[in-house]
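> Before I ask anything, here is the structure I am working with.
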Amino acid sequence: MKAMRTKRMLAVWACVGSLALAPVGLWAQTTAADAASAAPKTAYYYDATVLDLANLLPNFPPDRSFEQVAELAELHKIEAARQPEDVAAAKADDGEEDIFVFKPVVGAWFSADKLPVLAQLDAHLRNDVSVAAGPLKDQFARSRPYQTDNTLHPVCGLTGKPDSYPSGHALTGYLDALALAEMMPKKRIEIMAWADHYAHNRLVCGVHYPTDVEAGRSVAYALFGYMMATPKFRQDVAAAKAEVLSHLPKTAR
């Protein structure tokens, strides 16, 4: 009996030893990965301690206010009028949040694989949008329209968080548009019009209020103005512009 208990204890300690020793490397890797993903992002082009974006935005219309009721009515109107092709376009824009959404305006050649310098610039811009929008969304904590009004029928990605204000997609679209318009001034009007269309699709989706979109636009202009005052951003825009223009005939530059 004593020998049997001894064998059991040895087996248990062997298992404990294997659990304690074998996963150490895996545990360390997982912990490092978790720490990296949890680490706060830092802006690449702007200093968040200098540019106080929260103070640039007005408060959104409170629940049950006249302005909010009017916004919900507008969303219901858009929902009633949207066609299958509108829904398809809104869903496509919902899934793509980068500078290459402007391909319909620029041309079929406008893609990340053909424009690696522009793609790198775009990655930095998306990082800065994330750094800017995340704290703003958390601070304002506005409920999404469909969280307030369950008679709406949104058709794009949903969230349970109250993070409607400002619209991140609108912020991305306008910031990308402003950067791209610097590179292609002859297409500025078409580019900015497409940014309006991209932002409006957040309303077609039924996932944002009009004031969310306008706030995203305001933040984009503030960020762009700040970035254009920095040598690093101007240098990167100039390099991306040279790459973009190399794909165009001289008459289109």
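The values are calculated or read from the model by the stated rules, or taken from the named source; none is laboratory data. Fair warning: this is a prediction, and the values are worked out from it, not measured in the lab. Glycine gets a Cβ as well: all are built from the backbone with ideal geometry, and neighbour counts include every protein chain shown.
> Can Lys137 be described as assigned by TED's automatic domain parsing to the domain that holds Ala240, surrounded by 16 or more Cβ atoms within 10 Å (Cβ to Cβ) and on the phi < 0 side of the Ramachandran plot? Let's see the steps before the verdict.
On the way: assigned by TED's automatic domain parsing to the domain that holds Ala240: yes; surrounded by 16 or more Cβ atoms within 10 Å (Cβ to Cβ): yes; on the phi < 0 side of the Ramachandran plot: yes.
Answer is yes for this residue.
> Being of a type in the set (Val, Ile, Thr) and either within 26 Å of Lys232 (Cβ to Cβ) or in contact with a His (Cβ under 8 Å, 6 or more places away or on another chain) (or both) narrows it down to one residue among Thr172, Thr148, Thr159; which is it?
Thr172
> Turning to a different aspect of this structure: Within the stretch 43-94, which residues are of a type in the set (Lys, Arg) and touching a Cys at 6+ places or on another chain (Cβ under 8 Å)?
Answer for the stretch 43-94, where residues must be of a type in the set (Lys, Arg) and touching a Cys at 6+ places or on another chain (Cβ under 8 Å): just Lys91.
> If we keep just the residues of the stretch 146-202 that are of a type in the set (D, E, K, R), in contact (Cβ under 8 Å) with a residue 40 or more places away in the chain and closer than 19 Å to Met227 by Cβ, which is surrounded by the most Cβ atoms within 10 Å (Cβ to Cβ)?
Step by step, filter the stretch 146-202, then rank; the result is Asp176.
> Within the stretch 212-224, can one find any residue that is more than 23 Å from Leu57 (Cα to Cα), touching a residue at least 40 places away in the same chain (Cβ under 8 Å) and surrounded by fewer than 19 Cβ atoms within 10 Å (Cβ to Cβ)?
Checked against the condition, which is being more than 23 Å from Leu57 (Cα to Cα), touching a residue at least 40 places away in the same chain (Cβ under 8 Å) and surrounded by fewer than 19 Cβ atoms within 10 Å (Cβ to Cβ), the stretch 212-224 yields no hits at all.
> Further, regarding this structure: Within the stretch 208-236, restricting attention to residues that are touching a helix residue (DSSP H, G or I) at 6+ places or on another chain (Cβ under 7 Å) and not in a helix (DSSP H, G or I), which residue is nearest to Glu74 (Cα to Cα)?
In this case the residue turns out to be Tyr209.
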